[in-house]
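Structure record follows, encoded as C-alpha cells.
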Amino acid sequence: MNAKPDHRRWPVPHLARSLSLRIAGAAFVALLAAGCASHDLKNPGPAWPTSPSVIAHRGASALRPEHTLAAYRKAIEDGADSIEPDLVATRDGVLVARHENEISGTTNVAELAQFAARMASKTIDGVVVSGWFTEDFTLAELKLLRARERIPANRPANVKYDGQYTIPTLQEIIDLVDSESRARNKTIGLVPELKHPSYFKSIGLPLERRVVEVLAANGYRGRDAAVFIQSFETGNLKELRAMAGYRLVQLVSPSGAPHDAIEVGSGLTYADMITPEGLRAIARYADVVAPYKTIVIPRDAAGALGVPTRFVQDVRAAGLAIHVWTMRPENPFLPTGLRAAPADSPSQRGDAVSEIRAYLDAGVDAVFTDDPATGRTAIDAVRKH
C-alpha cells in the first residue's frame, strides 16, 4: 500500500496533463463554436450598420447593368455595406429585381418575337405606360430575357455587358449576399424597395407579405436583421410595421405625393412629410427617412452645391436616421463645380467623392450611390479624420 508508484507503468502526471489539455482544447473549440454561432451575419443587431454607410443603388450600376447579380457582386467587391434591389412581382408571384415593372428599357424583351403579343399599355400610379410588364410573365419566361444597360448615353462602357445577365429573383440576391458575407466574414445588408405597391396590390400580387415571407424563410429576424425595407408610399410601410419587425425606410421626393395618398384623396404631399411635424409622423411607423439629395443640400442657380438646410437637424429631432439618394459619378448628375472636362459630356465622370463628402459633412447616416467605390473612399477618408 505504501509502495512508491511506478511511473513507467502508469504515468499519472503525464496522463493528467494530457487529459487537462484535451479538456481545455475541447472547451476552447466549444467556445469558438458558440462564438461563431452568435456571430450571425444576417442578424447583427439594430446597432448595425455603423454610420455613415454605403448603400449600392441597384448594385454598382455605374459599372454593370443595374439589378443584375454582376452589379450586386461588383458593389460588394467595391466596399458596399448594403445593396438595394428594387422589387416587383412576376405573374406567378415571385419577387424579382427591376427598377420598374415595365422592362423594355432594361431587357431585350422587345426583340423576342415570342413575346411580341405581350406588349400592353397600363396605368401605373396614374401614368399611362406602354411596354412589357413583369406581371405578365412567369418567372420561367422572364428568365429567357437578358438584361441591358438602361442609360447607355451616360454609361457606354456598360453596353458591352448587354445580353450577359438574367433578371435575378430576391432569393438569388439573398443567396449571393449570404455567400459573399461568409466569404468576407462581414455583414452585407439588404435594402429592398417595394415598387408600385398599391398597383401590385390592385392586381392581386401584393408585395408586402411576399417580401416578409422570403426574408423570414432565409433567417432574417426583425430589427436584428441587416435589412431595411423602403417605399415611397406610406400605407404599406404601416402595414409592414404591423406585420413584421424589420426596419423601415420612408422615401420622399422634393415634389409630388405618395400614390396611396393620392388614391384615397388624403391630400398628403412629400412637402408635408419633410416638415418637422411630418417627420414626427413618419417616426411613428418608420425608422429612417430617405430624401432626394437636394432636400438636404440644394443647388444654386448655377447648379453648384448650396448651403445645407435644417433637414438633418429636423430628422434627428424626430428620432429618425437619414439615408440620402442618389449619388452618381457622371457629369450630368453632379453639381457644376465637380464635373470633369468636358463638362457637357454625358458620360465623363467627375468628382463624386467630393459630393458624397459634402453630404457626410451635413450629417447623413448613409448614401445611396451607383458607384460604391466612391462612397467607400469618401467614408473611409472621413473616418480617418
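The values are calculated or read from the model by the stated rules, or taken from the named source; none is laboratory data. Here the structure is a predicted model, which means the values were calculated and not measured. Counting neighbours? That spans all protein chains shown, and the Cβs are built from the backbone with ideal geometry, glycine included. Remember, those area values only see protein heavy atoms, side chains included, never the ligands or the DNA or RNA. Shrake-Rupley method; radii C 1.70, N 1.55, O 1.52, S 1.80 Å.
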Select, from Ile282, Ile229, the only residue that is of a type in the set (A, V, I, L, M) and touching a Phe, Trp or Tyr at 6+ places or on another chain (Cβ under 7 Å). Ile229
Counted residues, segment 84-99 - those being within 12 Å of the chain's Cα centre (by Cα) and among the acidic types (Asp, Glu): 2
I'd like the full set of residues that are of a type outside the set (S, T, N, Q) and either modelled with pLDDT under 95 or closer than 23 Å to Phe368 by Cβ (or both), limited to segment 181-198. Arg184, Lys186, Ile188, Gly189, Leu190, Val191, Pro192, Glu193, Leu194, Lys195, His196, Pro197
Take segment 307-326 and flag every residue that is touching a Lys or Arg at 6+ places or on another chain (Cβ under 6 Å) and either more than 15 Å from Pro276 (Cα to Cα) or of a type in the set (Asp, Glu) (or both). Val324
Spot the failing condition for Arg383; the list is (1) at pLDDT below 95; (2) farther than 28 Å from Gln250 by Cβ, and only one is missed. (2)
So which strands (runs of 3 or more DSSP E) are wholly in segment 276-385 and hold at least 3 residues that are open to solvent by 40 Å² or more (accessible area, probe 1.4 Å) and aromatic (Phe, Trp, Tyr)? none
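Every residue, every condition in (1) among the β-branched types (Val, Ile, Thr); (2) in contact with a helix residue (DSSP H, G or I) (Cβ under 9 Å, 6 or more places away or on another chain); (3) open to solvent by 30 Å² or more (accessible area, probe 1.4 Å), yes or no:
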{"position": "Asp92", "(1), (2), (3)": "no, yes, yes"}
{"position": "Thr107", "(1), (2), (3)": "yes, yes, no"}
{"position": "Ala110", "(1), (2), (3)": "no, yes, yes"}
{"position": "Ala117", "(1), (2), (3)": "no, no, yes"}
{"position": "Glu135", "(1), (2), (3)": "no, yes, no"}
Counted residues, segment 121-133 - those being open to solvent by 30 Å² or more (accessible area, probe 1.4 Å) and without any contact (Cβ under 8 Å) to a residue 40 or more places away in the chain: 7
